[in-house]
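Here the structure comes first, spelled out in structure tokens, and everything after it is commentary.
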Amino acid sequence: MRCARCGHRFGLENFIGVGPGGARINVAGTTTHCPLCGGVARQEVDGEFDISADGRWRLLARALRSPDATANDYVLLREMLQRAERQGADAEAVAIEIKNSVPTLAALPSS
Ligand SMILES: [Zn+2]
């Protein structure tokens with residue numbers, strides 16, 4: 001989280017209670033109040049996070065914005081990326097697969 005007023009950065013550890021084994025959530029547009037100045041603080045990165053049982057957040061995937069993409073497209077994309085990671089697929093092959101399978105999300109940044 002980052003305060004829009006004073007720039008203070010802080011975590012959201014107590015935002016969501018997580019049981020043993022952690023959780024996986026999607027975050028988009030989350031805001032809260034800055035603990036220092038009370039200004040509005042925003043989640044800096046929208047995307048999918050893995051939250052471990054000790055409350056640590058790990059970014060799995062940045063939210064990808066496409067006006068034409070459906071929720072199902074994002075599910076497909078995530079599955080594709082996870083499979084690619086397991087198989088050690090190279091970026092170019094993944095990009096081609098995305099283009100073929102999820103054309104609404106084909107205009108992804110290549111980084
Ligand atoms: Zn602040």
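Results, tabulated for the structure shown:
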quantity	calculated
Length gained when the stretch T31-I96 is fully extended (0.36 nm per residue, less Cα-Cα span)	19.8 nm
Summed residue charge, Cβ within 14 Å of R86's Cβ, Lys/Arg positive, Asp/Glu negative	-2
Point-to-point label distance, R78-R9, nm (Cα→Cβ direction, 7 Å offset)	2.5 nm
Relative exposure of E92, E79, E97, judged by other C-beta atoms within 10 Å (fewest first)	E92, E79, E97
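Quick note: the coordinates plus some simple rules give every number you see, no bench work behind them. Quick caveat: nothing in here was measured; it's all calculated off a predicted structure. Quick reminder, even Gly has a Cβ in these numbers, built from the backbone with ideal geometry, and neighbours come from all protein chains shown.
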